[in-house]
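Beneath this line is the structure, given in structure tokens, with notes to follow.
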Amino acid sequence: MQCVILAAGEGSRMRPLTSSRPKVMLPLVGKPMLEHLIRNVKEAGIKEIIIVVGYKEEAIREYFGDGRSFGVSITYVVQRKQLGTADALRTAEPFITDTFLMLNGDMVIEIGDLQKISRTEAPVMAVTTTTHPQDFGVVTLSKGKIASLEEKSPNPKSDIINAGAYLFGTEIFETLRKVSPSSRGEYELTDALMDYIAEERLTAHPLLVWMDVGYPWDMLAANEHLMESVEDTRLGDIEENVIIRGKIYLGKGAVIKSGTYIEGPVIIGENTTVGPNAYLRPGTTVGKNCNIGHAVEVKNSIIFDGTKIPHYNYIGDSVIGSGCNFGAGTKIANLRHDHGIVKVSGVSTGRKKFGAVIGDNVLFGINCSVNTGSSIGSGCRIAPNTLVTGKLDNDTVVK
């Protein structure tokens, strides 16, 4: 069996984190989210993978190559213009020979579910439940089949949604050729499924585990989930007087300096220095070549490669891009005074605790304060003693 993974989009809702990389290359527990998907597909017994690429495709090609180092064979096809999921799937048609699995590249799905879907008679749609079905394609079921499908309805008929994982036969391509552009000017895969639904042929497979990574704060939830399976691994150096409670992954060349206290699960990437006297709290993932310095506290955050947080900083429940530098005393707030749900640019995170989304190569002066729910674009320069709140576009200079 083959697997088609759709990975052509930028992921505009992930900005500014996608300014320099495609969405599927954003890191979860120290690896691109696409890598987790590919590894699970392989473990499910499928080793021939076709990846539909587009936006900043070179990052995907360079990282995964032909797939041999991941135990699979990867073929790339290009969707030059992002004209919808049906259009993306059509680009893979010349390489499809039989029944195939199709997955959106920005989700977390477990091996067991992939195995069960692949053993079911096509066509199959994976479904799950959510507390906010209005943000997804909503389905209703009848005797194990999809009875109806409606995209992003303000008044959803159920809390069951299309999870973006399918099993198709080659006949789907004939149907795709009949699809007309939607009101958004895109060719939607869901339009191609209406005949299956009308004929009561589309089987529903309820997923045991599914996580959609649509916004930066969704990365924190996915990171927390994936950390549950991290094995305690200590490949770097740990100095005396370091206290570690729980599991950690410590990469090669990494150093934890004296006086540091770590509550796992925590991941520390290769050649990263932590401490002295730092405090890393559960759920924290620090990338490669980072510096978490003296008297720095980091809680439940994802810090990309090459970022420096060296002196008297607090980082809580935040997602921070690569190549950033925090001046001494700069801190990120992560809790509203009224303990209400945090919003970023008017969009609810669904979380009472969320700090900030910070793009790549952002430089902070000393003693800056970043308010909860802030979004700071890549390349921003923030002057000392500045309060940052709300949204800053890429390359903004705050004097």
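The values are calculated or read from the model by the stated rules, or taken from the named source; none is laboratory data. Source: prediction; values computed, not measured. All Cβ positions, glycine included, derive from the backbone under ideal geometry; neighbour counts span all protein chains shown.
Any chance the range 322-331 includes a residue that's surrounded by fewer than 22 Cβ atoms within 10 Å (Cβ to Cβ), among the aliphatic types (A, V, I, L, M) and assigned to a loop (DSSP other than H, G, I, E, B)?
Checked the range 322-331: at least one residue is surrounded by fewer than 22 Cβ atoms within 10 Å (Cβ to Cβ), among the aliphatic types (A, V, I, L, M) and assigned to a loop (DSSP other than H, G, I, E, B).
Residue by residue through the range 335-358, note down the ones that are over 12 Å from TYR215 (Cα atoms), of a type in the set (Val, Ile, Thr) and touching a residue at least 24 places away in the same chain (Cβ under 8 Å).
Correct list: VAL342, ILE358.
Here is a check on your reading of the model: is VAL242 surrounded by 20 or more Cβ atoms within 10 Å (Cβ to Cβ), at negative phi, without any contact (Cβ under 8 Å) to a residue 60 or more places away in the chain and hydrophobic (A, V, I, L, M, F, W, C)?
Numbers: surrounded by 20 or more Cβ atoms within 10 Å (Cβ to Cβ): no; at negative phi: yes; without any contact (Cβ under 8 Å) to a residue 60 or more places away in the chain: yes; hydrophobic (A, V, I, L, M, F, W, C): yes.
Here the answer is no, as VAL242 does not meet what is asked.
On the given criteria, is LYS353 within 22 Å of MET14 (Cβ to Cβ), among the charged types (D, E, K, R) and either touching an Asp or Glu at 6+ places or on another chain (Cβ under 7 Å) or not assigned by TED's automatic domain parsing to the domain that holds LEU280 (or both)?
yes
Out of all the residues in the range 311-321, is one or more outside the structural domain of LYS31 (by TED's automatic domain parsing), in contact (Cβ under 8 Å) with a residue 60 or more places away in the chain, under 15 Å from VAL29 (Cβ atoms) and touching a helix residue (DSSP H, G or I) at 6+ places or on another chain (Cβ under 6 Å)?
yes
State which residue is surrounded by the fewest Cβ atoms within 10 Å (Cβ to Cβ) when the search covers only the range 341-369 and only residues that are within 22 Å of ARG21 (Cβ to Cβ) and of a type in the set (A, V, I, L, M). Can you show your working first?
Keep residues of the range 341-369 that are within 22 Å of ARG21 (Cβ to Cβ), which gives 344-345, 347, 349, 354-364.
Filter again for of a type in the set (A, V, I, L, M), leaving 344, 347, 356-358, 362-363.
Working: VAL344: 21, VAL347: 13, ALA356: 26, VAL357: 26, ILE358: 31, VAL362: 27, LEU363: 16.
By that ranking, first place goes to VAL347.
Listed residues SER183, SER158; which is farther than 30 Å from LEU28 by Cα, in the same structural domain as ARG80 (by TED's automatic domain parsing), over 27 Å from the mean Cα position of the chain (by Cα) and polar (S, T, N, Q)?
Numbers: SER158 fails: over 27 Å from the mean Cα position of the chain (by Cα).
Every option except SER183 fails the conditions.
Is there any pair with a first residue in the range 61-75 that is under 10 Å from GLU48 (Cα atoms) and assigned to a loop (DSSP other than H, G, I, E, B) and a second that is aliphatic (A, V, I, L, M) and at pLDDT 95 or above whose Cβ atoms are under 7 Å apart and which are 6 or more apart or on different chains, and what are they?
GLY67/ILE49; GLY67/ILE74; VAL72/ILE38; VAL72/ILE49
Among the helices (runs of 4 or more DSSP H) lying completely within the range 185-285, list those that include at least 3 residues that are closer than 25 Å to LEU34 by Cα and at pLDDT below 95.
216-227
Are any residues in the range 105-132 of a type outside the set (Ser, Thr, Tyr), crowded, with 20+ Cβ neighbours inside 10 Å and either under 18 Å from LEU37 (Cα atoms) or at pLDDT below 90 (or both), and if so, which ones?
GLY105, ASP106, MET107, VAL108, ILE109, ASP113, LEU114, ILE117, ALA122, MET125, ALA126, VAL127 - these are the residues of the range 105-132 that are of a type outside the set (Ser, Thr, Tyr), crowded, with 20+ Cβ neighbours inside 10 Å and either under 18 Å from LEU37 (Cα atoms) or at pLDDT below 90 (or both).
Taking the range 208-226, which residues are buried (at least 21 other Cβ atoms within 10 Å of the Cβ) and under 20 Å from ILE111 (Cβ atoms)?
MET211, VAL213, ALA222, ASN223
Quick test for you: out of LEU101, LEU34, LEU83, pick the one residue that is modelled with pLDDT of 90 or more and either part of a loop (DSSP other than H, G, I, E, B) or closer than 22 Å to LEU193 by Cα (or both).
Criteria check complete, one pass: LEU101.
Any idea which residue in the range 367-383 is nearest to the chain's Cα centre (by Cα), counting only those that are closer than 18 Å to ASN313 by Cα and part of a loop (DSSP other than H, G, I, E, B)?
Top of the filtered list is GLY373.
Quick one: which of LYS56, LYS31 is basic (Lys, Arg) and without any contact (Cβ under 8 Å) to a residue 24 or more places away in the chain?
Within the list LYS56, LYS31, the selection yields LYS31.
With MET102, MET107 as the choices, which residue is touching a residue at least 40 places away in the same chain (Cβ under 8 Å) and in contact with a Cys (Cβ under 8 Å, 6 or more places away or on another chain)?
MET102
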